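Every number here is computed from the coordinates shown, using simple stated rules; none is lab data. Nothing here was measured: the structure is a model prediction, and the numbers come from that model. A quick note on method: Cβ atoms are made from the backbone with ideal geometry, for glycine too, and the neighbour counts reach across all protein chains shown.
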Amino acid sequence: MARKEAEDGPADRAPHLPWMRYPVDIDAFSGCPVPQLPRLDPRLAEAVQRMGIKSFFPVQEAAWVEMIGPGAFERDVCINSPTGSGKTLAYALPIVQMLSTRKVRYLRALVVLPTRDLALQVKEVFDAIAPVVGLSVGSAVGQSSIADEVSSLVRKPKQDLYPTIDEEYVKMEPLTKVDILVATPGRLMDHINMTNGFSLEHLQYLIIDETDRMLREAYQSWLPTVIKLTHSIGQDHSWHDTDGKTLLHPLTTIRRSGVERGFKGKCYPRLAKMVLSATLTQDPSKLSQLELHHPLLLNSGKKRYRIPTKLESYKLICKSNLKPLSLIVLLQELQGHKCLVFTSSVESSHRLSTLLGFFEDLPFKFSEYSRLQRESTRRKTLEAFKEGEIDVLIGTDRMARGIHIDGLRYVINYDMPPYVKTYIHRAGRTARAGESGSCFTFLRKHEVKTFDKMLKKADNASCSLHSVPEESIETLCPVFSSALKKLEESLESEAAKKSNSGDKIPSGSKRKRTNQK
Ligand SMILES: Nc1ncnc2c1ncn2[C@@H]1O[C@H](COP(=O)(O)OP(=O)(O)OP(=O)(O)O)[C@@H](O)[C@H]1O
């Protein structure tokens, strides 16, 4: 329990950092119809409407006011707002509008996210709005080979083509092909370290989505590296004419002319930052890594965490040996809707999906989704789930962050989430964008108290008891014993194959796991 407190922090204690104690209340905004958002570029308004959006959500209006409205992005912005509340557009729209008047193409906005799936999802949002104002969006996520990625991000310097060209000109020549880059930390570092012409010198905006997760892992020190590369200490923005008179370099971007306080009178262009999460950390030591400039917190609700308004939470109490059967009965009950099942580990997901595979005639299609699978397998599985070809996806917390799947009605915690944050992100895959959804959590008797206490840390987290009919469980019992036997045999044979081949990927994950009912 002490560890849990360390991870989550006491829910109701006032934050240590004074600026976190006086947030802007996102709930004070009601959201507004697209045409009424002040100063929104008409081309962007049209693009947003083409996305099917009629009104902006409160978090989007609040962020707009701070970035484009009177706030003018003078302070770095931190957003703590529930899952599915529309945080992506809350940053994408102002960033695109702010860059829409740029004259020369430089990499000016960087969005960093923890996983490739999430980054590609965010890129889709930028792709829907940025081109209408002439901006180009790139991704550095490792979806394609590094060579393909490099050629999509930077041009070859003209000097490579015309060796006699003036060196001064070459230095000034912008090589980037993109204005906005959506990246995962690993690939970002690859480009920083190895890609000729890839530069963060002109970066004006840094967006860190899923911030608490991003700060938990160092990811090859990407954050200090980015901050260091964008500080202009020692960087000479000036040019000198033949008489030695100082001129401004004609192609230098003045990022933001704000002078950072406490910088001993030196003025350097400020990199404006925005950080977001549904469970934003309040830990000063973690937040200090961001070097935020007079940060302003935009927060939803009174408590530190909030569960989406239309999410219903249920708990199912059952003995561990009957858990697979209760799950099958529950899935039969929920049949006809997409459902995500979360387990505590990849091994547990693999075990569960293998076991379900030995039950014949299940009335739903299911599949495993695990980081141990090949990337291509995972992508196909997720696509099939999105398309409705698979009803149930079984996986781990890798699926819990940020992923949006249209029409996902149900989330099941097959294993109890260890922290309230984990619950929020798992459950938050449903009840998104104002839709309804339910989250079921399987508990053993002794876990109930801990679970109830954990949920109390979040706003709007009442949880009812749900039970599945015992007769339905009993009818499955005869198949269960033979399925368990087959499971043990299957796992043993996989382990034997693995030790023979020294293969780290379980052979089961290479097989097609989808039952073809
Ligand atoms: N103004 C809007 N009107 C209708 N739908 C919207 C609006 N803004 C965003 N959406 C939709 O809401 C869904 C959730 O948005 P988004 O993924 O940005 O949420 P989020 O707050 O980032 O969630 P998470 O914390 O889980 O990452 C998306 O499908 C998006 O298209």
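Excluding same-chain pairs closer than 8 in sequence, count the lysine pairs in the range 328-425 whose Cα atoms lie under 16 Å apart.
Numbers: Lys338/Lys365; Lys338/Lys386; Lys365/Lys380; Lys365/Lys386.
Lysine pairs meeting both conditions in the range 328-425 amount to 4.
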Q: Of the listed pairs Lys123/Lys273; Lys123/Lys315; Lys123/Lys302, which have alpha-carbon separations greater than 25 Å here?
A: Lys123/Lys315; Lys123/Lys302
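Need the full-extension length gain, Met51 to Ile405, defined as separation in residues times 0.36 nm minus the C-alpha distance. One decimal, nm. Don't skip to the end; give the middle numbers.
Numbers: separation 354, 0.36 × 354 = 127.44 nm, distance 1.57 nm.
Extra length from Met51 to Ile405 when fully extended: 125.9 nm.
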Q) Dipole of the range 1-121 (Lys/Arg Cβ +1, Asp/Glu Cβ -1, origin at the Cα centre): which of Phe73, Ala45, Pro114 lies farthest to the positive side? A) Ala45
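Can you tell me the order of 81-94, 116-129 when each peptide is scored by its average per-residue count of other Cβ atoms within 10 angstrom, highest first? Please list the in-between numbers first.
Values: 81-94: 24.8, 116-129: 20.7.
Listed from highest to lowest mean packing, they are 81-94, 116-129.
What is the gain in length, in nm to one decimal, between Met194 and Tyr419 on full extension, counting 0.36 nm per residue of separation less the C-alpha to C-alpha distance? Walk me through the intermediate numbers first.
Numbers: separation 225, 0.36 × 225 = 81.00 nm, distance 3.85 nm.
Gain on stretching Met194 to Tyr419: 77.1 nm.
Sorted by average packing, counted as other Cβ atoms within 10 angstrom per residue and highest first, what order do 30-40, 411-421 take? Walk me through the numbers before you get to the answer.
On the way: 30-40: 14.1, 411-421: 21.4.
Per-residue mean Cβ counts within 10 Å order the peptides as 411-421, 30-40.
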Q) How large is ³J(HN,Hα) for each residue in the range 135-151, as worked out from phi by the Karplus curve 6.51 cos²θ - 1.76 cosθ + 1.60 (θ = phi - 60°), to whole Hz, x for Gly and Pro? A) 9, 10, 10, x, 10, 10, 9, x, 6, 10, 5, 4, 5, 5, 5, 4, 5
Q) Say each of Ser30 and Lys302 gets a label point 7 Å from the Cα, pointing the same way as Cα to Cβ; how far apart are those two points in nm? A) 2.2
Q) Measuring from label point to label point, each 7 Å out along Cα→Cβ, what is the Lys486 to Glu333 span in nm? A) 2.6
Q: Give the peptides 21-29, 465-473, 363-371 in descending order of average Cβ contacts within 10 Å, highest first.
A: 363-371, 21-29, 465-473
